[in-house]
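Everything below concerns the one structure shown next.
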Amino acid sequence: MRNHGIGRWVERRREKSRGSIAIAFRDQHLRYEELADRINRLADALAARGVRHGDRVAYLGNNHPSFLEVFFAATTLGAIFVPLNTRLAPPEIDFSLDDSGASVLVFQHSLTDLARAGSWSRPATRRIVVDGPAPAASVEEYEHVLASGENMSRDEPVTLDDAAMILYTSGTTGRPKGAVLTHGNLTWNCFNVLVDYGVSPGEKVLLISPMFHVASLANGAFPALLQGGTVVLHETFDPGQVLQTVQQERITMLSGVPTTFQMLQEHPDFDTTDISSLSHLTCGGSAMPERMLKAYEARGLGFSCGYGMTETAPGATALPAHMAGQKMGSSGLKHFFTDVKIVDERGDEVAPGVVGEILVSGPNVITEYWQRPDATAAGIVDGWFHSGDLGYVDEDGYIYISDRLKDMIISGGENIYSAEVEGIIMELSEVDAVALIGVPDERWGEIPLAVVQLKPGASLADDAIAAHLTGRLAKYKIPKQVHFVDELPRTASGKVRKADLRAGLVR
């Protein structure tokens, strides 16, 4: 067998897990043998439509069985899967499709307007709609496409070094970068999850975060399927529905960001819902507040926390649940198959307790950004990925995140790079300078705030900036507040002192 990629996982798991439920969605339950058949048919259908090794197949949609089917079908052929964030604005979708050169776009019917605005101008891109009728003559319906394929097992040569997925992340320069995750990156990340989070055969994982984020897909869906477990999909996050599903389906594994777990804990049904089936709670994105840890401890539950990023597929460290109290605020130890070190400005490893930049290396770490040799050379040096995050390690080897070197805001688990937003705000003729900073928010962790310096004699309505950004950027990137100043504080070299802005605006 020449195909050693992740695309054959379900096919190889079919006989061992025959009769077991692979995916549960709404009232649909796909058994492993059924899922494998659908993937085989879809792969054959995509091949008949010209998809070949190395081609890009994009997907625009929320959590849905077709997301996983398209991923496995594409990677079976050696093609590259490109998941798109449904919260992006049309120009952002258009950029990702253009930059990746996707030859196929599969999209959910409910997102037709976004798909149309972001892709209809590309006649060379085949379009396939899921969960609804074709909105145009040029669009094929997903189930018709799938039914046209034969149930045949393909053995396209695929190695662990071949690209499996491109995930777009905003950059410090404002231009999104496509992180290229290989079959090996995703496979080794699964091994890290199995070892450090103890994912067992037969787990029932409920995905409440969108799979177009690598954490939900690679730390949730993939390890569960690799172990012959069940992946339960929710299209959107609804706290009440989540609690109901945990009780009815006897969910064993649940992952999210602090905001989602806070919303669950604040729901009126939290105290009366039977959540005793849960054995794995994992949290990422930012540190879990102590009050939240205690609220879940009162229900007999603990959290495994971790640190990572898209470029590490996504795990770099993991904190076991039993150490969450003793190592409060820590992101844990480096993953079993991953190396992490903290270095000073010269690149020398620092002593315990000394803050430096976090570097990550290992088989789960990307080796390139899509068609961006400049970004690759800047981010990956001598096999080490430079995270842009500051942290330190204690005497026991536990890692703590101190700050971000990269000018990034994390709001509700979504990354917001200031340069991207600032660049568009600067298009306004009245604006002389702008700085985007994150300010604390009880629900979302932090939210973006724009500090604006106007040109002499200029005036600007408070809502003008939001109006200018709407439709061009995802809503979560648009500043929730605008603060006007006479002059932005700067260093001697002219850089805005954002730390001073935060200190002055955050009381």
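Counted by Cβ distance under 13 Å from residue 412, the other residues give a net charge of +1, where Lys and Arg count +1 and Asp and Glu count -1.
Note: relative contact order over the chain, using C-alpha pairs below 8 Å and six or more positions apart, is 12 percent. Dividing the alpha-carbon radius of gyration of region 393-507 by the rule-of-thumb value 2.2 N^0.38 Å gives 1.16.
From the cross-link list 177/334; 341/477; 16/204, which pairs have alpha carbons spaced over 20 Å apart? Violating the 20 Å Cα-Cα cut-off are 177/334; 341/477. Of the two radii for region 105-222, the radius of gyration is 1.01 times the Kirkwood radius, both from the alpha carbons; that is the Rg over Rh value. Here the relative contact order of region 227-332, from alpha carbon pairs under 8 Å that lie six or more residues apart, stands at 21 percent.
With θ taken as phi - 60° and the Karplus curve 6.51 cos²θ - 1.76 cosθ + 1.60 applied, the whole-hertz 3J(HN,Hα) list for region 149-154 is x, 8, 7, 10, 8, 8 Hz, x standing for glycine and proline. Each of 261, 303 was scored by other Cβ atoms within 10 Å of its Cβ. Listed from fewest to most, they are 303, 261.
Under 1.5 on a/c is rounded, so check that first for region 1-58, then, if it is not, pick prolate when a/b is larger than b/c and oblate when it is not; a ≥ b ≥ c are the square roots of the alpha carbon gyration tensor eigenvalues. Cα axes put region 1-58 in the oblate bin. Considering all different alpha carbon pairs of the chain, the Kirkwood hydrodynamic radius works out to 23.8 Å.
When each of the peptides 217-223, 442-448 is scored by the mean number of other C-beta atoms lying within 10 Å of its residues, the order from highest to lowest reads 217-223, 442-448. The alpha-carbon positions of region 232-378 define a convex hull whose volume is 143 Å³ per residue. Averaged over residues, the count of other Cβ atoms within 10 Å places the peptides 194-204, 79-89 in the sequence 79-89, 194-204, highest first.
The ranking of 305, 283 by Cβ neighbour count inside 10 Å, starting from the fewest, reads 283, 305.
Rg and Dmax, both from the Cα atoms of region 179-269 and both in Å, are 13.5, 43. Note on region 330-389: the C-alpha convex hull projects to 4.7 nm² when averaged across all orientations. For the chain, a simple Cβ point-charge model (Lys and Arg +1, Asp and Glu -1, everything else neutral) yields a dipole of about 600 debye relative to the Cα centre. The Cα atoms of region 366-419 give a gyration tensor whose axes a ≥ b ≥ c have a/c of 1.5 or more with a/b no greater than b/c, which makes the shape oblate.
Panel values: region 304-455, Kirkwood radius from alpha carbon pairs, Stokes-Einstein at 20 °C and 1.002 mPa s, translational diffusion coefficient 125 µm²/s. Projected onto its three principal axes, the C-alpha set of region 303-350 covers 36, 24, 16 Å, listed from the longest axis down.
Under the classification rounded if a/c is under 1.5, otherwise prolate if a/b is larger than b/c and oblate if not, where does region 43-154 fall, given a ≥ b ≥ c as square roots of the Cα gyration tensor eigenvalues? Prolate shape, in that a/c is at least 1.5 and a/b is the bigger ratio. Each Lys or Arg adds one and each Asp or Glu takes one away; over the other residues whose Cβ falls under 15 Å from the Cβ of residue 244, this sums to -4.
Summary of the geometry: region 315-370 and region 24-88, compared by the centres of their Cα atoms, lie 33 Å apart. Scanning the chain for long hydrophobic helices, with DSSP H runs required to stretch 18 angstrom or more by C-alpha along their axis and to average at least 0.0 on the Kyte-Doolittle scale, returns 183-197. Annotation: peptides 11-19, 91-99, ranked by per-residue average of other Cβ atoms within 10 Å with the highest first, follow the order 91-99, 11-19. Antiparallel beta bridges, as assigned by DSSP with both residues in the chain, represent about 55 percent of the total such bridges.
Using the Cβ of residue 89 as centre and a radius below 14 Å, the other residues enclosed give a net charge of 0, where K and R count +1 and D and E count -1. Once label points are set 7 Å from the Cα along Cα→Cβ at both residue 483 and residue 152, what is their separation, rounded to one decimal in nm? Between residue 483 and residue 152, the label points sit 6.4 nm apart.
Every number in this text was worked out from the coordinates using simple rules, so none of it is lab data. Since the model is a prediction, treat every value here as computed from it, not as a measurement. Positions of Cβ are backbone-derived with ideal geometry, glycine not excepted, and every protein chain shown enters the neighbour counts.
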